[in-house]
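Read through the structure below, which is laid out as structure tokens, and then see the notes.
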Amino acid sequence: MCGGDFDNVNLKTVGGSGTWAKHCNQCGGFWFEREPTEFLSIDSINKVDVPTPNYSLKQMDLVCSNDNSLLASVERDDLPAGTQYWKCPDCEGAFYPKGQLALMTHHNHDIHGEHIAGLVSARSRSTLAGILVFIGAALVIASGQRTEIGLNATSDQVLPSSGPNILTLLLLGITYLAGTILAVLGRKVPIVLVGWCVIIICLVGFSVIIFGP
Ligand SMILES: [Zn+2]
Ligand SMILES: [Zn+2]
């Protein structure tokens, strides 16, 4: 609208994904092809915008860059005074003047802080679960190869108890998985600690299998 150049900026959401916006170098406004439906990360917004209530934009006529429809001004009673942005009635486009995106984001974090903290903790939990399951799978595979060597050794050299059998490995894998579930999903500290103890014991078990007693 102001004729300025714009940069494409990737704004992180609290869930860890990102959303693209066009950020005008001249007026500092943000245009979204699709209005963000997830809460944006406050750190990500603070790098590009500063909360600024604005009372002088009310009469601005803006058109959608997708379909040239006249954008509708959004003013809601539940938003702080001086918050105003624009939405396209025909597509999901949205325009936030300079300062308004930060104002909205700070407001969302003030109002929905607890819910947002839950989303962030869910993300770190799933990252932790992913790492633990990956380590577990790698250990089972490494131990499995060790077991095959052990089985070969028994057939060649008639050593009855060299290397763990598949059942031991399976039980160890299941126990490790159970420990991971407790450590990641446990709501109380003692349960989480039990989970981590189980994981550590299983890691010792795996290392004994892989590296020998
Ligand atoms: Zn501009
Ligand atoms: Zn539109």
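Some values worked out for this structure:
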{"item": "Single unsatisfied condition, residue 82 versus (1) away from ligand 2 (no atom under 14 Å from the Cβ); (2) under 25 Å from residue 120 (Cβ atoms); (3) of a type outside the set (Phe, Trp, Tyr)", "result": "(2)"}
{"item": "Identity of the residue in the range 26-69, charged (D, E, K, R) and under 17 Å from residue 84 (Cβ atoms), that ends up modelled with the highest pLDDT", "result": "49"}
{"item": "Cross-chain or 6+ apart pairs with Cβ under 7 Å, the range 77-92 first and assigned by TED's automatic domain parsing to the domain that holds residue 51 and closer than 13 Å to residue 104 by Cβ, then assigned to a loop (DSSP other than H, G, I, E, B) and within 14 Å of ligand 2 (Cβ to nearest atom)", "result": "86/62; 86/71; 87/35; 87/71"}
{"item": "Of all residues in the range 170-213 being among the aromatic types (Phe, Trp, Tyr) and within 27 Å of the chain's Cα centre (by Cα), the one that is surrounded by the most Cβ atoms within 10 Å (Cβ to Cβ)", "result": "176"}
{"item": "Complete set of residues in the range 110-144 that are exposed (fewer than 12 other Cβ atoms within 10 Å of the Cβ) and more than 27 Å from residue 39 (Cβ to Cβ)", "result": "134, 138, 141"}
{"item": "Filter pass, residue 89 being at pLDDT 90 or above, surrounded by 16 or more Cβ atoms within 10 Å (Cβ to Cβ) and over 30 Å from residue 126 (Cβ atoms)", "result": "no"}
{"item": "Hits in the range 3-35 - residues which are part of a loop (DSSP other than H, G, I, E, B), touching a Phe, Trp or Tyr at 6+ places or on another chain (Cβ under 7 Å) and within 8 Å of ligand 1 (Cβ to nearest atom)", "result": "25, 29"}
{"item": "Answer from 98, 87 - the residue that is under 20 Å from residue 45 (Cα atoms), under 29 Å from the mean Cα position of the chain (by Cα) and away from ligand 1 (no atom under 16 Å from the Cβ)", "result": "87"}
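The values are calculated or read from the model by the stated rules, or taken from the named source; none is laboratory data. Quick caveat: nothing in here was measured; it's all calculated off a predicted structure. For neighbour counting, all protein chains shown are included, and Cβ atoms are generated from backbone atoms with ideal geometry for every residue, glycine included.
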